[in-house]
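The values are calculated or read from the model by the stated rules, or taken from the named source; none is laboratory data. If you're wondering where the values come from, they're calculated on a predicted model, not measured in any experiment. Methodologically, a virtual Cβ is constructed for each residue, glycine included, from the backbone with ideal geometry; neighbour enumeration extends over all protein chains shown.
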Amino acid sequence: MRFSVESIGVVHSCFKDKFGVPRQPGLVSAAKGWLELFAPYNRTEAFAGLEGFSHIWVTFVFHYCLGQGTRLSVRPPRLGGNRKVGVFASRSTHRPNPIGISVLELLGVEQYKNGVCLQLGGLDLVDGTPVLDIKPYVPYSDTISEAQADYAQQAPITSFDVLFSTKAALQCDKQCQCWPGLRQLITEVLAPDPRPAYFTASSAKRVFAIRLYEFDIRWRVLNEHVIEVISIDNDDKRVFD
């Protein structure tokens, strides 16, 4: 059976590139953004009552993976890239249909110039992600305390101390009025070590870069316990005006 779907909106996220995006929703509490709804779904009657829910299910498209083909087996990051599992035993972005689903914090339902937008927290979505559907998160049915999850039963335990160089600290402080949560966001994104598994053993002192909002964050791993933020550069443009 063939059928088609269309996006109802697009996510405007603090994550401008795939690198650095959390591997699951809710891992980075400071990761915020908003969902712009398209007509006719941007009318207030479509969201009446949603403000009473703290979290929502967001169904979306892995748009960076369009046209990359199907994989029957993948190497989950949680297994260090050393073990393959079936694609349906993973949350890989490489799926028969490139569709994902995330539970996100609903920070607000707001009206703006073109209709309604949703303010979101705990994001794991890259900027520009097309959204297909929204549903309220219902704790009594969506939470299963005794559920088993094989290799992903517990949250990742890798955690680095994140230090800011003198230069990076000054740059971050300079932005604090416009971006008050910037330091927390950088720290929460880097602490779990966003490097791919194949980099972790061979990338000591290598300089990496991630893009958050309009900032280029350059950083490196000093040792097995410490990540250092080297610099924070921006082009002085605001994203969410």
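At-a-glance table
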quantity: Conditions (1) at pLDDT 85 or above; (2) surrounded by fewer than 17 Cβ atoms within 10 Å (Cβ to Cβ); number of the one not met by Q177; calculated: (1)
quantity: Complete set of residues in the range 130-140 that are under 20 Å from the mean Cα position of the chain (by Cα) and not in a loop (DSSP other than H, G, I, E, B); calculated: P130, V131, L132, D133, I134, K135, P136
quantity: Tabulated pairs, the range 64-88, first over 30 Å from V10 (Cα atoms) and assigned by TED's automatic domain parsing to the domain that holds F15, second of a type in the set (G, A, S) and surrounded by 15 or more Cβ atoms within 10 Å (Cβ to Cβ), C-beta under 7 angstrom, 6+ apart or interchain; calculated: G80/A197; G81/A197
quantity: Where a residue in the range 182-197 is under 29 Å from V74 (Cβ atoms) and not assigned by TED's automatic domain parsing to the domain that holds V28 and its partner, wherever it lies, is in a helix (DSSP H, G or I) and of a type outside the set (S, T, N, Q), with Cβ under 6 Å and at least six apart; calculated: A197/P77
quantity: Residues of the range 31-63 that turn out to be closer than 30 Å to F88 by Cα and either of a type in the set (K, R) or outside the structural domain of P98 (by TED's automatic domain parsing) (or both), as a count; calculated: 1
quantity: Single condition G128 does not satisfy, out of (1) under 23 Å from P98 (Cβ atoms); (2) in the same structural domain as I217 (by TED's automatic domain parsing); calculated: (2)
quantity: Residue match in the range 31-45 (condition: under 14 Å from P194 (Cβ atoms), of a type in the set (A, V, I, L, M, F, W, C) and buried (at least 17 other Cβ atoms within 10 Å of the Cβ)); calculated: yes
quantity: Hits in the range 89-105 - residues which are surrounded by 12 or more Cβ atoms within 10 Å (Cβ to Cβ) and free of Cβ contacts under 8 Å to residues at least 40 places away in the same chain; calculated: S90, S92, T93, H94, R95, P98
quantity: Considering residues of the range 1-16 that are within 10 Å of the chain's Cα centre (by Cα) and either among the acidic types (D, E) or not in a loop (DSSP other than H, G, I, E, B) (or both) only, the residue surrounded by the most Cβ atoms within 10 Å (Cβ to Cβ); calculated: F15
quantity: Q177, sole failed condition from (1) in the same structural domain as F47 (by TED's automatic domain parsing); (2) over 30 Å from F38 (Cβ atoms); calculated: (1)
